[in-house]
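Let me begin by presenting the structure, written as structure tokens, before commenting on it.
The values are calculated or read from the model by the stated rules, or taken from the named source; none is laboratory data. Keep in mind that what you see is a predicted model, and the values were worked out from it rather than measured. Every residue, glycine among them, receives a Cβ derived from its backbone with ideal geometry; neighbour counts consider all protein chains shown.
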Amino acid sequence: MITAIHCLVRGQVQGVGYRAWCQGEAVTRGLSGWVRNRRSGEVEAVLAGPSDVVDDMLAALWTGPAGASVSAIDGTPTEEHPRGDFDVKPTV
């Protein structure tokens with residue numbers, strides 16, 4: 001089953017390469033979607049793909065790249081179902 005999740009990742013997740021890491025991990029897993037920084041200090045992402053692969057990626061978000069320290073992840077299903085590439089979007 002294909003699913004899409006909208007995530008907000010909190011903690012020390014900016015200035016540590018989290019977006020690039022997230023993109024690389026998502027591409028390796030064959031996921032579609034996007035990731036971006038928010039001015040609030042969070043990283044926001046939409047992950048779309050097979051349910052088990054999305055679940056695996058959600059678990060990986062807790063670790064992130066070296067230097068990251070994740071304190072919370074809020075993930076909710078979304079109607080947005082990106083297809084194709086996994087992009088890094090501009091900060092909002």
Fill in: Scan of the range 1-41 for residues that are in contact (Cβ under 8 Å) with a residue 60 or more places away in the chain, assigned to a strand (DSSP E or B) and either under 10 Å from the mean Cα position of the chain (by Cα) or more than 11 Å from residue 53 (Cβ to Cβ) (or both), ordered by number
4, 5, 6, 7, 8, 9, 10, 11
Worksheet item: Counting just the residues of the range 10-51 that are β-branched (Val, Ile, Thr) and out of contact with any Gly (no Cβ under 8 Å at 6 or more places or on another chain), which one comes out farthest from residue 85 (Cα to Cα)?
Response: 43
Worksheet item: Quick check, is residue 34 out of contact with any Cys (no Cβ under 6 Å at 6 or more places or on another chain), within 11 Å of residue 7 (Cα to Cα) and modelled with pLDDT of 95 or more?
Response: yes
Discussion item. The conditions are (1) on the phi < 0 side of the Ramachandran plot; (2) outside any strand (DSSP E or B); (3) free of Cβ contacts under 8 Å to residues at least 40 places away in the same chain; (4) not β-branched (Val, Ile, Thr), and residue 58 fails exactly one of them. Which is it?
Written reply: (3)
Item to complete: Could you tell me whether the range 68-84 includes any residue that is closer than 23 Å to residue 12 by Cβ, touching a residue at least 24 places away in the same chain (Cβ under 8 Å) and in a loop (DSSP other than H, G, I, E, B)?
Response: yes
Practice prompt. Residue by residue through the range 62-92, note down the ones that are over 18 Å from residue 36 (Cβ atoms) and of a type outside the set (D, E, K, R).
Written response: 62, 63, 66, 67, 69, 71, 77
Worksheet, complete the sentence: The lone condition residue 31 fails out of (1) in contact with a Pro (Cβ under 9 Å, 6 or more places away or on another chain); (2) loosely packed, with under 13 Cβ neighbours inside 10 Å; (3) not small (Gly, Ala, Ser) is (2)
Worksheet item: Just one of 68, 72 is more than 10 Å from the chain's Cα centre (by Cα), modelled with pLDDT of 95 or more, among the small types (Gly, Ala, Ser) and surrounded by 11 or more Cβ atoms within 10 Å (Cβ to Cβ); which is it?
Response: 68
Worksheet item: Counting only residues that are within 22 Å of residue 12 (Cα to Cα) and of a type outside the set (Asp, Glu), which one in the range 42-53 is surrounded by the fewest Cβ atoms within 10 Å (Cβ to Cβ)?
Response: 46
